Amino acid sequence: MKTTVSIIGLGLIGGSLGLALKRNPDVHIIGFDRSYATADEAFRRGIIDTVAPSAKSACEQADFVIFATPVNTTVKLFEEAIDWNFKEHVIVTDTGSTKKPIMDAAVKLQESGITFIGGHPMAGSHKSGVSAAMEHLFENAYYILTPTTDTSEEKISLLETLFEATKAKLIVLQAEEHDRMTAIISHFPHIIASSLVGRLEAQEEGQPFVKQLAAGGFRDLTRIASADPVMWRDITIQNREELLSQVDGWLDEMTNIREMLVDNNPEQIFDFFAQAKTYRDQLPSTYEGAVQGALYMTFDLHIDVPDHPGVISEITKILADADISLTNIRIVETRTDVYGILVISFQSTAERKRARQVLTQETDYSMHIL
């Protein structure tokens, strides 16, 4: 007997989940999107098996329901879903990047006997929409599940079993933990990056050439400021409390740094940078031996590859045969703000360009340069 999964919202995430879950032949996928053209494309591509006429219809037929819609849309749908006739054993989840608003909105569903487990696949792409959906988008990425304290281990296990087909790294956290950690490593850095760009823009008139100098390390440091402003407006509003806490901590840190500059104590300044370097070098996927100067930049190529045995050796052999040297190679796990799964670093722009040309000729992998 097949398991029926309904996906509400067939963009990049919803479409990619559909492709990944269909690796399991015992899963039947019903899809709904408010754009019929999107739903029709998902059906033609084999992402879903059935197009539902409404979100209500899709949800009432499913054993599992995945809301792959923006957080605000999901909250509104939950308000409507209180009157829908879900299956008694249904498990509902979502894919939103902030969990507290979702968990709050799901309370009434839970009070009516529906199991809800929050979810956040930490993967993405510079492309959007169902046309960009990829079966391997979530491979080796972290997929966070946020159950409530009342959720049974059996229900969590059932959802984990369903998502095994994505080949993601499933992690269970409380919603508050999730929002705090994503504020630290993702949401707050976006605010800082955008503020740094604002500082540059404010000073460009008096120093026109500064924009040209910013094409190096500054550009790499502030890359995430190029993200969709509508999405980041919503995330900032939704995770406001955690971000306020981070801003307060940042202001305290900036006060300490200002005092350090006023005191102008060489040992204190050295300790400041040394401590930061020591901790930074301990982070996962840090390239041991790279020159970490103020304007250091890497020449990275991000490659969307399926996770199968030999794929890395296949790529490195192609590069070796073309006499192209690489300085680092790594698999990215948390991919909310970067594109691709495999990241290869080169010694120069020219080497990166040659590598892309050679790999394009020899493979069908999608490649992106940041």
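The values are calculated or read from the model by the stated rules, or taken from the named source; none is laboratory data. Model, not experiment: these values are computed from the prediction. Neighbour counts are summed over all protein chains in view; Cβ atoms, including those assigned to glycine, are modelled from backbone coordinates with ideal geometry.
Values as computed for the structure displayed
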read-out	value
Criterion violated by Glu242 - all others in (1) surrounded by fewer than 14 Cβ atoms within 10 Å (Cβ to Cβ); (2) charged (D, E, K, R); (3) modelled with pLDDT of 95 or more satisfied	(1)
Matching residues, the stretch 183-239, being small (Gly, Ala, Ser) and in contact with a helix residue (DSSP H, G or I) (Cβ under 7 Å, 6 or more places away or on another chain)	Ala183, Ala193, Ser194, Ala214, Ala225, Ala227
Failed item, numbered, when Cys59 is tested on (1) touching a residue at least 40 places away in the same chain (Cβ under 8 Å); (2) outside any loop (DSSP other than H, G, I, E, B); (3) within 30 Å of Leu243 (Cα to Cα)	(3)
Matching option when the condition is within 26 Å of Gln174 (Cα to Cα), modelled with pLDDT of 95 or more and charged (D, E, K, R), among Asp40, Asp49, Asp94	Asp94
Lone qualifier among Glu177, Glu241, Glu267 - being part of a helix (DSSP H, G or I), more than 28 Å from Phe67 (Cα to Cα) and acidic (Asp, Glu)	Glu267
Top-ranked residue of the stretch 1-43 - restricted to ones that are under 14 Å from Ala165 (Cβ atoms) and among the hydrophobic types (A, V, I, L, M, F, W, C), ranked as surrounded by the fewest Cβ atoms within 10 Å (Cβ to Cβ)	Val27
Given (1) closer than 25 Å to Phe272 by Cβ; (2) among the small types (Gly, Ala, Ser); (3) without any contact (Cβ under 8 Å) to a residue 12 or more places away in the chain, index of the condition Gly206 fails	(1)
Criterion: in the same structural domain as Phe346 (by TED's automatic domain parsing) and modelled with pLDDT under 85 - qualifying residue of Asp281, Asp304	Asp304
Hey, Val92 under 27 Å from Thr149 (Cβ atoms) and among the hydrophobic types (A, V, I, L, M, F, W, C) or not	yes
Lone unmet requirement of (1) in contact (Cβ under 8 Å) with a residue 60 or more places away in the chain; (2) closer than 23 Å to Trp232 by Cα for Glu139	(2)
Filter result for Thr182 (free of Cβ contacts under 8 Å to residues at least 60 places away in the same chain and surrounded by 13 or more Cβ atoms within 10 Å (Cβ to Cβ))	no
Those residues of the stretch 1-45 which are assigned to a helix (DSSP H, G or I) and without any contact (Cβ under 8 Å) to a residue 40 or more places away in the chain, in sequence order	Tyr36, Ala37, Ala39, Asp40, Phe43, Arg44
Every residue from the stretch 145-179 that is among the β-branched types (Val, Ile, Thr) and without any contact (Cβ under 8 Å) to a residue 40 or more places away in the chain	Thr149, Thr151, Ile156, Thr161, Ile171, Val172
